[in-house]
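Please treat every number below as a calculation from the coordinates, not as lab data. Being a predicted model, the structure only gives us computed values, none of them experimental. Cβ placement follows ideal geometry from the backbone for every residue including glycine, while neighbour counts extend to all protein chains displayed.
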Amino acid sequence: MIGTVASRRHAIADDLRTQITAGRIQPGERLPSEAQLACHYEVSTPTLRNALALLQAEGLVEKIHGKSNYARQPLSRTTYVGGGRTPAQTPLPVSIRTTKLRARGHLAALLGVTSGSPATEFLCVSHAGKSPHSLARVYVPRDLAPATAPDAPSWPQETASLLGGPRPQLAKVEENVHVRLPTASEAATLRISSTLAILAITRVATDITGRVIEAALLALPGDRAEAIFTTDHTTTERRPEG
């Protein structure tokens, strides 16, 4: 029975995938209701939803809660390069929401400040067409934050783009990269399935004095992102002695 359900789920996903990729279902077009699709394929609603979840994980279907399922525009691929981000094609527009807060717990530890220290959060969400594509939460000590919200860049650029006043000299950027499932908030913001793995990157930048000037938490959905880290091993030719 389990194998039969699994095969039906994949068969339904294959059929819908073919219709989307062949253009019979256009990007942005609303799919029939889940009840209608379940009836059409003669399966239970849970089996139908499992099939749709496969397509959501591939980025071919977007489920908008309270509405329905829609075929997606082809996803822009993102390549995160250690120390920054380079889009494969045209840079994506980004919206920025600024919030003043007090750094506590994990955030205080990331910024290297005492609990309750003032900081500014920049919530940056990139968009591909009308759909959210990826997000970053960038935290900056309050005294380094600009007095007014910065212009929206194509993506959170190097630290200096979100800092106000004299720019501190950047000395080191440390990045921690791992794969995990999205939080409920991330899944809702990005409109992705809670079963779609994301590339989670924690980036901490320090100046020449060792002070943390930025802590960034990036969430890149796995169906549209990859990361490249390059180590440059420079060989110095030794000169013969004498």
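At a glance:
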{"quantity": "Single unsatisfied condition, residue 207 versus (1) more than 9 Å from the chain's Cα centre (by Cα); (2) within 21 Å of residue 80 (Cα to Cα); (3) surrounded by 13 or more Cβ atoms within 10 Å (Cβ to Cβ)", "calculated": "(2)"}
{"quantity": "Where a residue in segment 98-121 is farther than 14 Å from residue 214 by Cα and its partner, wherever it lies, is of a type in the set (S, T, N, Q), with Cβ under 7 Å and at least six apart", "calculated": "98/120; 100/120; 102/117; 104/115"}
